[in-house]
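This report refers to the structure that appears directly beneath it.
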There are 2 protein chains.
Amino acid sequence: MIQSPYLLFLGDAPDALAAKVAQGIKDWRPEACLGQYRMEGCKANLGLEDLTLAEAAERGAKTLVIGVANRGGYISDSWKEVLKDAMDHGMDIASGLHNLLRNDEELSRRAQRTGMSLFDVRIPTVSFPIANGKKRTGKRCLAVGTDCSVGKMYTGLAMEKVMRERGMDADFRATGQTGILITGNGVPLDAVVADFMAGSIEYITPDNDPDHWDLIEGQGSLFHASYSGVTLALVHGGQPDALVLCHEPSRAHMRGLPDYKLPSLEDLRDTALHMARMVNPACQVVGISVNTSSMSEDDAVAYLKETEARMGLPTVDPFRHGADRLVDALAGV
Amino acid sequence: MIQSPYLLFLGDAPDALAAKVAQGIKDWRPEACLGQYRMEGCKANLGLEDLTLAEAAERGAKTLVIGVANRGGYISDSWKEVLKDAMDHGMDIASGLHNLLRNDEELSRRAQRTGMSLFDVRIPTVSFPIANGKKRTGKRCLAVGTDCSVGKMYTGLAMEKVMRERGMDADFRATGQTGILITGNGVPLDAVVADFMAGSIEYITPDNDPDHWDLIEGQGSLFHASYSGVTLALVHGGQPDALVLCHEPSRAHMRGLPDYKLPSLEDLRDTALHMARMVNPACQVVGISVNTSSMSEDDAVAYLKETEARMGLPTVDPFRHGADRLVDALAGV
């Protein structure tokens, strides 16, 4: 478990998008965020207080979280001095970057000397079992997408928030590095060895109380040539009772694949349901989550209304209008 | 590349099934097999000449191939003396077991001292790219199954044999350890990190001559809760032009999953074709391969005939009757 509170490190982020990991943590775990640390030239700003390392340490910061991604996802040399100083100030370091903190000699040495920990959330820390496909108690909801990066994590977190506000028993189950940094645990599914993918999802969504909901973070898309296998492992390891379809209407093609058009929501519904029912015949599609960030409010409302009428399913943009109607729809499962 | 000729090590196999890796090598690469090495209590017998290490070395054996799997797939202590002796006799060691030769201190030390090589074919030796989904030249055929271990590898190898006999340009592309030991290369797909599964299949089936066929070894099943993600990565990374459906009619349930019935051949056809056409709209199902080893000849013939009539596709047991009709069916693709 990564210890909070956090100091969010934005480094020299060239734009706001580069700091989207930090943004996610701030959006979903504001109580864990003491402040932000920005280097010269940083173009991202979360609206948190800018703190020096000394100030953050004084206020009790336990972990400096690298909330920024370089092109290529590596640890830039210019960051290293800050990371080492943070350890000198008594903070652990957490990172979801591709190249690992632990593989950097300077950082490793400093961690050893200061007794601080380096958390590389991109690397699985558990030896996962092979999935056994057995029915588990409790309920599970999985977000599946027409494409990668269409709002599946956001949808799950927004549903968890509403459910907890309503006093329901719900846990977001992270399957990617941002989700893990937000919740403090989970499985970095894209880094798991093929044979153990579905087993890792069974592992993080074990038997639970009958009324408990796991909100499993989706990954990739069943229609995405690069990552579909990861997605199917989520569907079969998760054994979802409920599916939420996620979509981003402005995409001209599948992310990173210029030759591939996105599937229709109907095709996603039918394909995901067919695959999910292999492991849970009672699985239902309960709603649709659309990322309408590219649209005006009027266009978004019209699009959601049209889609809802066409598909016969509650259709919302949880960022714009909240996830209440998606949570309402779980009552029927 | 693993050097032949081989001495096939059967160890203390408790039954013939435990030595199925060795059996596969002997069936498909008989010219590479000098003989077998059996320890006391071995219950498997390939019908090859039993050789001592000295005899095998004298006849030019280059590699001792571990053709037997323990329960759990580890290197048993009782084998180690033989493996070390084999290195003393100038043989490399090749293994597809889960625990690695290279991680065993005694074996590593002996390899270093003798200058021999340890091949762990279960571990990827390449840093694979993420799949790009681009159309490649040449043609590809993939075997997909109603379950694991229903004859997908056998089907591909049998088709390769017929095609080469006919002078066609064809290569079996191994995706599992037995296949790799048979052909000398390939990708151990179940050991590849999730994000790179589909990319590894693109890597081993690159652009080729228009008339060239890759016969891609299938893995798992789209319907198998433990391994379906691996299978979908094969379908989407392979971009097959042709699918062969594989089935074993005597199974009471999915392998290792007592609560799961096998899907029908119709369901496999529809599901596999739907998923394959996402990446190759021209993909066709060309035939059906049935493992009828549990049936009498009469029953097998009747079953194949009935299935062929029902499905409208050439249906054969390639072990009993050859793969000619499956190869004939590729002409229409």
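Overview of results
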item: Residues (open to solvent by 10 Å² or more (accessible area, probe 1.4 Å), under 17 Å from the mean Cα position of the chain (by Cα) and within 13 Å of chain B (Cβ to nearest Cβ)) located in region A:188-219; result: A:Asp190, A:Ala191, A:Gln219
item: Among (1) within 27 Å of A:Asp171 (Cβ to Cβ); (2) under 20 Å from the mean Cα position of the chain (by Cα), the one test that A:Ser226 misses; result: (1)
item: Unmet criterion (only one of (1) out of contact with any strand residue (DSSP E or B) (no Cβ under 8 Å at 6 or more places or on another chain); (2) buried (at least 24 other Cβ atoms within 10 Å of the Cβ); (3) more than 10 Å from chain A (Cβ to nearest Cβ)) for B:Asn185; result: (2)
item: Cβ-Cβ under 6 Å pairs, at least 6 apart or on other chains, region A:73-98 side in contact (Cβ under 8 Å) with a residue 12 or more places away in the chain, far side open to solvent by 10 Å² or more (accessible area, probe 1.4 Å) and of a type in the set (Phe, Trp, Tyr); result: A:Ala94/A:Phe119
item: Residue match in region B:143-153 (condition: surrounded by 17 or more Cβ atoms within 10 Å (Cβ to Cβ), touching a residue at least 60 places away in the same chain (Cβ under 8 Å), basic (Lys, Arg) and under 24 Å from A:Val193 (Cα atoms)); result: yes
item: Residue match in region A:201-210 (condition: among the hydrophobic types (A, V, I, L, M, F, W, C), without any contact (Cβ under 8 Å) to a residue 40 or more places away in the chain and under 30 Å from A:Asp270 (Cβ atoms)); result: yes
item: In region A:291-310, the residues that are of a type in the set (A, V, I, L, M) and closer than 20 Å to A:Arg251 by Cα; result: A:Met295, A:Ala300, A:Val301, A:Ala302, A:Leu304
item: Which listed residue is more than 14 Å from chain B (Cβ to nearest Cβ) and under 28 Å from A:Arg166 (Cα atoms), from A:Gly332, A:Gly238; result: A:Gly332
item: Counted residues, region A:303-319 - those being of a type outside the set (Ser, Thr, Tyr), part of a helix (DSSP H, G or I) and at pLDDT 95 or above; result: 8
item: Those residues of region B:97-113 which are away from chain A (no Cβ under 14 Å) and of a type outside the set (A, V, I, L, M, F, W, C), in sequence order; result: B:Arg102, B:Asn103, B:Asp104, B:Glu105, B:Glu106, B:Ser108, B:Arg109, B:Arg110, B:Gln112, B:Arg113
item: Complete set of residues in region A:114-138 that are more than 14 Å from every other protein chain (Cβ to nearest Cβ), open to solvent by 20 Å² or more (accessible area, probe 1.4 Å) and out of contact with any helix residue (DSSP H, G or I) (no Cβ under 8 Å at 6 or more places or on another chain); result: A:Gly115, A:Thr125, A:Thr137
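Conditions tested, residue by residue: (1) among the hydrophobic types (A, V, I, L, M, F, W, C); (2) over 17 Å from the mean Cα position of the chain (by Cα).
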position	(1), (2)
A:Ala111	yes, yes
A:Asp120	no, no
A:Ile123	yes, no
A:Lys134	no, yes
A:Gly138	no, yes
A:Asp147	no, no
A:Gly156	no, no
A:Lys161	no, no
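For (1) crowded, with 24+ Cβ neighbours inside 10 Å; (2) over 30 Å from A:His253 (Cα atoms), each residue gets a yes or a no:
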site	(1), (2)
B:Thr231	yes, no
B:Pro240	yes, no
B:Ser250	no, yes
B:Asp270	no, no
B:Ser289	yes, yes
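The values are calculated or read from the model by the stated rules, or taken from the named source; none is laboratory data. The structure displayed is predicted, hence computed values, not measured ones. No Cβ is skipped: glycine too gets one built from the backbone with ideal geometry, and neighbour counts run over all protein chains shown. Surface areas here come from the heavy atoms of the whole protein model, side chains and all, with no ligands, DNA or RNA. Shrake-Rupley method; radii C 1.70, N 1.55, O 1.52, S 1.80 Å.
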